[in-house]
């Protein structure tokens with residue numbers, strides 16, 4: 001059918017490649033997904049990150065028969081510590097867990113030392129104080145939220161009431177001190193929300 005793969009224009013013979021030549025492969029279109037996939041396959045894999053250097057600990061038994069973690073010390077650092085102990089006197093090594101306590105015991109101790117008068121600053125108590133100090137109308141338009149470190153915080157949602165309370169700060173301080181006790185309130189903070 002073919003004469004050596006040569007074809008003349010206008011001939012009825014179909015042109016086919018020679019049998020000894022392989023057909024040329026077609027180029028496929030590569031989409032963006034294909035590009036990413038190919039790039040992932042050809043990209044050199046990075047080695048996993050090296051583990052961080054973490055301090056090592058040895059468990060040491062102390063004279064009070066407790067096991068505590070003590071940081072691992074190299075031979076050179078141990079010799080240096082021994083030389084300092086010989087020169088300056090025997091200093092006990094610091095332990096990471098020697099003074100460790102639970103957070104609950106610390107908080108219990110701190111709260112027990114505070115002089116808290118919870119009944120005085122409860123929300124019901126503050127509402128009664130505010131109503132007694134300011135009267136029914138102003139107490140219905142505003143509220144005393146808290147008294148902390150001598151600063152009374154008052155919330156008044158309406159801007160006009162806020163403005164009036166800010167104008168009368170000194171009078172408010174005087175009135176609240178008369179009701180709550182001397183020098184209980186030193187400043188007033190009025191919030192609109």
Original post:
Quick one: is residue 175 in a helix (DSSP H, G or I) and exposed (fewer than 12 other Cβ atoms within 10 Å of the Cβ)?
Top reply: no
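Could we say that residue 72 is more than 30 Å from residue 188 (Cβ to Cβ), modelled with pLDDT under 80 and surrounded by 13 or more Cβ atoms within 10 Å (Cβ to Cβ) here? Step through it out loud before you land on a result.
Details: more than 30 Å from residue 188 (Cβ to Cβ): yes; modelled with pLDDT under 80: yes; surrounded by 13 or more Cβ atoms within 10 Å (Cβ to Cβ): no.
Criteria not met by residue 72.
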Original post:
Which of the residues that make up region 156-172 are over 11 Å from residue 144 (Cβ atoms) and surrounded by 12 or more Cβ atoms within 10 Å (Cβ to Cβ)?
Top reply: 157, 161, 162, 163, 164, 166, 168, 169
Original post:
Which numbered condition trips up residue 163, out of (1) at pLDDT below 90; (2) assigned to a helix (DSSP H, G or I)?
Top reply: (1)
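The values are calculated or read from the model by the stated rules, or taken from the named source; none is laboratory data. Predicted, not measured: the structure shown is a model, and the values here were computed from it. Counting neighbours? That spans all protein chains shown, and the Cβs are built from the backbone with ideal geometry, glycine included.
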